[in-house]
Structure formats: C-alpha cells, structure tokens
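Student: Provided herewith is a single structure, encoded as structure tokens, for subsequent inquiry.
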C-alpha cells in the first residue's frame, strides 16, 4: 500500500447506507420508502413494522452509521488524510439525493462511495448504484453540475473487515460453558436472497450456482474458521446459513434458515452454537431481531446454548481498511502502482462493476459502473 496519503483525484467520501426509522412515527413511512412501487398495503406494512415497534420504533442502523462516520473521520485525521466524509441513505434521512446536493454545493466534484454492504448482489451493490443514478438524474434536472462518482470495491476479504469478525467468534466461543465449548458449531449467517438473484450475482463469468454472493460468503466463513482453528487448536464444524427471508413463499430463496439450522443441529446432538453474522456490517435491526430475538428464542426452546458474535461496526481496523481502500482507488485513478489487499484466493474484487454484473429484473440506469450513463 502506498504511504503517500494522497486521495487525488477524489475530494470527498460518501458513506451510503440503507437507513432506518428513528421513532414510531417513522416506521410506516420508512417501510413505504423501502417497498415503493410494490403495491403493499399500509396495513401489511404496519404488521411488518412490529419488528421495529418492539425496539421503540427505532432502528439502530443510523446510530451505528454515526459511529462509523466518527471512526472514519478520526482515522483520516490521525493519518493526515484530508478527505471530508458525508453520509446519505437510500430509504431515510439523511437522504442520498439531499446529501449529493449538499456535496455539489460544497464544491465536491470527484466522489468515492463506501456502501455498507461488503458483498456482490443486486440488493447489496447494483441497487445502490441505481439509487446513485436516480439521485444524479434529479440533480441534473435541477441544473446542477454533476460530480463524477466511483464506488469502492467489495471489501469482504479485506483483513480490516475479516479480523474483527474472527475476534468476535473467539469471544463468543470463550463465553460458552467450558463443557460445550470445544464441540460448538459455527453458523455463519447472511441475508437470504432469491436464488435467482444469487445465481446472477457478480460479473457474468461468476454467474451460476449461488453466484459471487454465495462464493464470497463461503470464502469469508472459511477464512474465519481457519483462523479460529489456528488460534484455539479446535476445528469447529461450520456452515453458511441464511436469515431475514421475505417475499412470496413460492419463490425459492437461499436456505437453510438459521432457525431450521438450529433445530437440525440440536437433533444431531450438537452441544452449542455460535451465530456469526458475517453478511452484515453492523448490528442493525435484522441482526437484533432475526438473531438476537427469533433465533435465540428458538435456541432457548431447544435448550441449545448459543452465542451471537459481533459485527464489524465502527471497529478502528475497519475504518483503517476504508482508508486503505480509498488510497488504493486513488492510486489506480492516478495511474500509480498499488498493492491491493485481500486475504483469500478470490483476490481483490473489481473496481468497476462490468456490464451484466448483478442485473436487475427490470433494467435501470446505474451509476459508478461500466454501464453508467454518468461516466
């Protein structure tokens, strides 16, 4: 990695996230934003919103993003990287379009985007790029000068993302009763998505059984399991499982579900389980409800000891990884040689999403890719 902390040609970093309600009155409007265009009745949204109402109508994701913003700004300042960091969301304030409008007013013309999703998929990458294109189209209609936007590559196998999760699993194992610790299985969890979306995730050459989405998650799970074995001397069995399924029941989604997996492990006599949510950057609502509430209730019903390891969140090593990724991309754009940091055989991901990468069912313009109308 180059030690010259030069972010040129970039003049700002945008943290782009999903967003979430910050009070009971926000829940249904937030869900209306998330499901816009799908024709879901408000009464159904109120039912879905019960997950949020259990936590006072507040999603933890916004506070977690504020913590990450603080961590990024501190890391950048501590290392002399003079790059301002902004924050915009897809589905709640601060909205992406408003933030981009602010950035243009501040004179930002070359913007790097950090999405709070580490893996390739339509919902985890291309949909963010579509939202960027929508926002740019709005600014263009307002007669504003459009900035050039690039997106940081997928960081699933960057050590600054992986190492905090390794330590989270080690802590969770240490919290288990000693008599069941060595026999514990690790359930690596991520968001379930339709199998058709998984199969077409990543570049076209990666399409097929599970696509890049499954392949990348298996890669991270293997990295963590190997590190745990090296540091404990115990080879814990593990499996990649899924959570947070939604949508019509007749449409195939990735399986097994975490609760079904816990039942299967209990039936096989497994003495304990560590749930490791590797598919999520922070402990937001889907982690707190689907794992800390539903899955833990299932484990209690079964009498199965479980622990849930922490996500990366605002860990300083993740903030440092973002700094390295910013400098890496700046070097590439400036034509300088750079070492790309990646732990696994899959290597570093692509800088520019190619044509056909994570396609949508209905084609829409997407920024920050080879097919961007805003090159």
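Student: How do the pairs read when you match residues in region 221-242 that are over 24 Å from residue 286 (Cα atoms) with residues anywhere that are part of a helix (DSSP H, G or I), using Cβ under 6 Å and keeping only pairs 6 or more apart or on different chains?
Tutor: Within 6 Å, the pairs are 227/166; 228/169; 235/229.
Student: Among what's in region 37-59 and is outside any helix (DSSP H, G or I) and surrounded by 14 or more Cβ atoms within 10 Å (Cβ to Cβ), pick the residue that is modelled with the lowest pLDDT.
Tutor: This residue is 40.
Student: Next question. Going residue by residue through region 61-78, is there one that turns out to be more than 19 Å from residue 115 (Cβ to Cβ) and out of contact with any helix residue (DSSP H, G or I) (no Cβ under 9 Å at 6 or more places or on another chain)?
Tutor: The answer is yes; a qualifying residue exists.
Student: Follow-up question, since we're still on this one. Given the options 348, 365, name the one that is touching a residue at least 60 places away in the same chain (Cβ under 8 Å), surrounded by fewer than 17 Cβ atoms within 10 Å (Cβ to Cβ) and outside the structural domain of residue 136 (by TED's automatic domain parsing).
Tutor: The unique qualifying residue is 365.
Student: A follow-up question, please. Do the conditions hold for residue 278, that is, is it buried (at least 18 other Cβ atoms within 10 Å of the Cβ), touching a strand residue (DSSP E or B) at 6+ places or on another chain (Cβ under 7 Å), at negative phi and part of a loop (DSSP other than H, G, I, E, B)?
Tutor: For residue 278, the condition - buried (at least 18 other Cβ atoms within 10 Å of the Cβ), touching a strand residue (DSSP E or B) at 6+ places or on another chain (Cβ under 7 Å), at negative phi and part of a loop (DSSP other than H, G, I, E, B) - is met.
Student: Continuing with the same structure: Within region 219-269, which residues are within 15 Å of residue 170 (Cβ to Cβ) and surrounded by fewer than 16 Cβ atoms within 10 Å (Cβ to Cβ)?
Tutor: The answer is 226, 229, 230, 231, 232, 233, 234, 235.
Student: While we're on this one: For region 56-88, how many residues are within 20 Å of residue 11 (Cα to Cα) and touching a residue at least 40 places away in the same chain (Cβ under 8 Å)?
Tutor: 18
Student: Something else about it: Farther than 27 Å from residue 181 by Cα, at pLDDT below 95 and in a loop (DSSP other than H, G, I, E, B): is that true of residue 375 in this structure?
Tutor: So residue 375 passes the test.
The values are calculated or read from the model by the stated rules, or taken from the named source; none is laboratory data. These numbers were taken from a predicted model, which means no experiment stands behind them. A quick note on method: Cβ atoms are made from the backbone with ideal geometry, for glycine too, and the neighbour counts reach across all protein chains shown.
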